[in-house]
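Below is one structure; the comments refer to it alone.
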Amino acid sequence: KEEWTAKGLDTYGLIAVNTSGHAAQVEKVSYDTATELLASFGSIQKVGPSLGSFSVSAALLFAMLEEFKMEVAAKLTKYDSDPHFWMPFTLPQSAYISVMGSKGVSEAEATAHYTRMAAFKTKFTQEEKCEALLGCIDAGTECYWWDYGQLKLFQKNTLLATADSDEAEALRVFLGTTDRRQASTGLADIDPASVVLSSKIGAGSVRSSVCTNTNCDEANIHNSILMNCTLRKVTGNNCILYNVVDDTPAGLSLPDGTVRADVYLPDQPKIIVMSTLDTDGGKAWKVVLEGNDKSFEEVYMTNGPLDIMECQKVMELAKNKLVGELKG
């Protein structure tokens, strides 16, 4: 139990494998809860955190597309793989209802979804002549793995590419970025640690930062991440900018820990989403944070019915217009 807590396993999905080789999934629970939920799963051979990476057979993919064709067409329903697929596929109904209840899901809603998935599982396993739906590959305890699913982990593991360590070198090899200046130009003073890819930064100072597909007349940044950004000028420390296009003459002077993402909409002004590295997006999901006009939930709902390709075109037009105005 102490090891479980020390390793922070309650913040990851759990996969347990029994002696038959069948796997069960439980999402983000305490040691005591996991023990209780898996009591009926049989003799447990191995337990570990799920890295969130999975593959599915063509048969399962097409069957699920058929099962959820109405939701896919409407684009108004959100399902997560762990609580909505793997858990109802592998846990007893009472255990599933219990863990979903701890996440604020009503018994009626959890029961209805479990019943649906149980019917799907029965039909699929009969048609495909398989005993179980979920298996597990043990990646071991000594391998490198990098989680980007939380904001601080996104920052930590993105900036890992700037570090001088065996793990950082392994990450750069994996990403194909051992050349830290691929397809980049400009006269900015960039330190050897920074990774600047497909970017043009005309002037300024870049220290211990990662910039990809970024165009900027002047950047003075430290320990920051700029992804797909086009700006006249930016100054910041410990900041993250994503899909930002800013044409203000004075540029952006960002408080420490600033996070900003621009959201582009067809025939509407873009939405500027501001946050900080200390903000828990899950807890603030329904809150309109300072500097924003909408909550994260409202931005999500606004995006739901839109065509992502049309949104991409709007962003590219805004970016290309400003690129043509930059000094470089």
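The values are calculated or read from the model by the stated rules, or taken from the named source; none is laboratory data. All values reported here derive from a predicted model rather than from experimental measurement. Using ideal geometry, Cβ is built from the backbone for each residue, glycine included, and neighbour counts are taken over all protein chains shown. Only protein heavy atoms, including side chains, enter the accessible area calculation; ligands, DNA and RNA are left aside. Shrake-Rupley method; radii C 1.70, N 1.55, O 1.52, S 1.80 Å.
Would you confirm whether any residue within region 163-182 is in contact (Cβ under 8 Å) with a residue 12 or more places away in the chain and closer than 24 Å to residue 262 by Cβ?
No; the residues of region 163-182 include none that is in contact (Cβ under 8 Å) with a residue 12 or more places away in the chain and closer than 24 Å to residue 262 by Cβ.
Taking region 290-304 only, how many residues are open to solvent by less than 30 Å² (accessible area, probe 1.4 Å) and either closer than 21 Å to residue 318 by Cα or assigned to a strand (DSSP E or B) (or both)?
Residues that pass the stated criteria total 2.
Name the pairs whose Cβ atoms lie under 8 Å apart, with the first residue in region 114-130 and open to solvent by less than 70 Å² (accessible area, probe 1.4 Å), the second among the aromatic types (Phe, Trp, Tyr), and 6 or more positions between them or separate chains?
114/96; 117/85; 117/89; 121/89; 130/124
Just give me the residues in region 242-289 being touching a helix residue (DSSP H, G or I) at 6+ places or on another chain (Cβ under 8 Å), more than 25 Å from residue 201 (Cα to Cα) and open to solvent by 80 Å² or more (accessible area, probe 1.4 Å), in sequence order.
Those that are touching a helix residue (DSSP H, G or I) at 6+ places or on another chain (Cβ under 8 Å), more than 25 Å from residue 201 (Cα to Cα) and open to solvent by 80 Å² or more (accessible area, probe 1.4 Å): 285, 286.
Can you name every residue in region 93-108 that is without any contact (Cβ under 8 Å) to a residue 40 or more places away in the chain, surrounded by 13 or more Cβ atoms within 10 Å (Cβ to Cβ) and of a type outside the set (A, V, I, L, M, F, W, C)?
Answer for region 93-108, where residues must be without any contact (Cβ under 8 Å) to a residue 40 or more places away in the chain, surrounded by 13 or more Cβ atoms within 10 Å (Cβ to Cβ) and of a type outside the set (A, V, I, L, M, F, W, C): 93, 96, 101.
Residues being within 26 Å of residue 147 (Cα to Cα), of a type in the set (A, V, I, L, M) and modelled with pLDDT of 85 or more: count how many of those fall in region 21-59.
1
Looking at region 275-283, is at least one residue closer than 30 Å to residue 73 by Cβ and either in contact with a Phe, Trp or Tyr (Cβ under 6 Å, 6 or more places away or on another chain) or part of a loop (DSSP other than H, G, I, E, B) (or both)?
yes
State all residues of region 305-328 that are outside any helix (DSSP H, G or I) and either surrounded by 12 or more Cβ atoms within 10 Å (Cβ to Cβ) or modelled with pLDDT of 90 or more (or both); if no residue qualifies, say none.
Within region 305-328, 306, 307, 324, 325, 326, 328 qualify.
Identify, please: which residue in region 204-227 is among the polar types (S, T, N, Q) and either within 19 Å of residue 277 (Cα to Cα) or part of a strand (DSSP E or B) (or both) and is, among those, farthest from the chain's Cα centre (by Cα)?
Looking at the filtered set, the residue picked out is 205.
Has region 86-95 got at least one residue that is assigned to a helix (DSSP H, G or I), modelled with pLDDT of 90 or more and not hydrophobic (A, V, I, L, M, F, W, C)?
So far as region 86-95 goes, yes, one or more of its residues are assigned to a helix (DSSP H, G or I), modelled with pLDDT of 90 or more and not hydrophobic (A, V, I, L, M, F, W, C).
Any idea which residue in region 194-241 is surrounded by the fewest Cβ atoms within 10 Å (Cβ to Cβ), counting only those that are in contact with a Phe, Trp or Tyr (Cβ under 9 Å, 6 or more places away or on another chain) and within 16 Å of residue 161 (Cα to Cα)?
For region 194-241, the residue satisfying everything is 227.
What's the number of the condition residue 235 fails, among (1) over 25 Å from residue 157 (Cβ atoms); (2) free of Cβ contacts under 8 Å to residues at least 40 places away in the same chain; (3) assigned to a strand (DSSP E or B)?
(1)
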